[in-house]
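The values are calculated or read from the model by the stated rules, or taken from the named source; none is laboratory data. Remember, it's a predicted structure, so these values are computed and weren't measured experimentally. Cβ atoms come from the backbone with ideal geometry, glycine included; neighbour counts cover every protein chain shown. Areas reflect the complete protein model, heavy atoms only, side chains present, ligands, DNA and RNA absent. Shrake-Rupley method; radii C 1.70, N 1.55, O 1.52, S 1.80 Å.
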Amino acid sequence: SIEMDPDIQHLPFLAITSKIFNAPFFSTYHLKEFKTDAFARFFVSFQHYLFYPIMSVARFNLYVQSWIMLLVRRDEPVPYKLIEICSLLGFWLWLGTLMSFLPTWGERLAYFYISHGLAGILHIQITLSHFISETFNGRSDETWIKHQMMTTTDITCAHWLDWFHGGLQFQLEHHLFPRLPRHNLRIARDQIIKLAAKHELPYYEMSFFAANKKLCGILHETAMDARKLKKGDAGFYESPIWEGMNARG
């Protein structure tokens, strides 16, 4: 659901469907309204070029979201909050200490970016399962299990490559059984395929490269739709950034 799934709510930088442009929508996760304003239109218009560079720095967004969850959000309690904060601080202390052994600042910065850029492969992996799948507005009329199967795509790979994908390729299995250990996800996949065949339920899977190709097509199509937006469409030109650039307000 466009309104309920934070995994597809990436304005102002990415939009995976032109349905997002129909009207401003309220995110039930972020608890705020999203608009396709002038700033979003610009970035979305070039998202098919920007997607992979953005994924190379996507890890930093997780850092920010972690601190927001721990220090800013008040709508839900965070279990073991102090342990979480200490763990995050410990990570940065460890990373800083590790990088201090490199002889120059140039090498430290290069290591910092390259290490995070390679981690971007995992971000690409998890976005594939969500970005290339069906989207809709509001609540689904389908059963819960059919809804999950319609809106999630698994990524196929050889058994010996499971370590590379980290279990993220079995995204449907993760959605259906969130606490299932990673080493059992492939077993669950085999059972779900049988279940889908028995009850005529949809089951989608494709290779990593085929999924990337499909994703690039989706991003390009949505980018072209964004370029067609006129003033007043989907909140376009209502951005505070746009108003500031034009000395408004």
Exercise. So which of L102, L82 is over 26 Å from G166 (Cα atoms), without any contact (Cβ under 8 Å) to a residue 60 or more places away in the chain and touching a helix residue (DSSP H, G or I) at 6+ places or on another chain (Cβ under 7 Å)?
Worked result: L102
For this session: Within segment 201-230, track down each residue that is open to solvent by 30 Å² or more (accessible area, probe 1.4 Å) and either touching a strand residue (DSSP E or B) at 6+ places or on another chain (Cβ under 8 Å) or among the aromatic types (F, W, Y) (or both).
Result: Y203, Y204, E205, M206, S207, F208, F209, K214
Problem set entry | Selection count where residues are outside any strand (DSSP E or B) and open to solvent by 20 Å² or more (accessible area, probe 1.4 Å), scope segment 128-175 | 28
Seminar exercise, completed: Among residues of segment 9-23 being among the hydrophobic types (A, V, I, L, M, F, W, C) and touching a Phe, Trp or Tyr at 6+ places or on another chain (Cβ under 6 Å), the residue farthest from E33 (Cα to Cα) is I16
Problem set entry | Residue match in segment 32-39 (condition: within 17 Å of I218 (Cβ to Cβ) and at pLDDT below 85) | yes
Seminar exercise, completed: Among the residues of segment 68-87, the number that are surrounded by 13 or more Cβ atoms within 10 Å (Cβ to Cβ) and closer than 25 Å to I121 by Cβ is 1
For this session: Working only within segment 207-220, note down all residues that are in contact (Cβ under 8 Å) with a residue 60 or more places away in the chain and either farther than 9 Å from H48 by Cβ or among the hydrophobic types (A, V, I, L, M, F, W, C) (or both).
Result: F208, A211, N212, K214, L215, C216, I218, L219
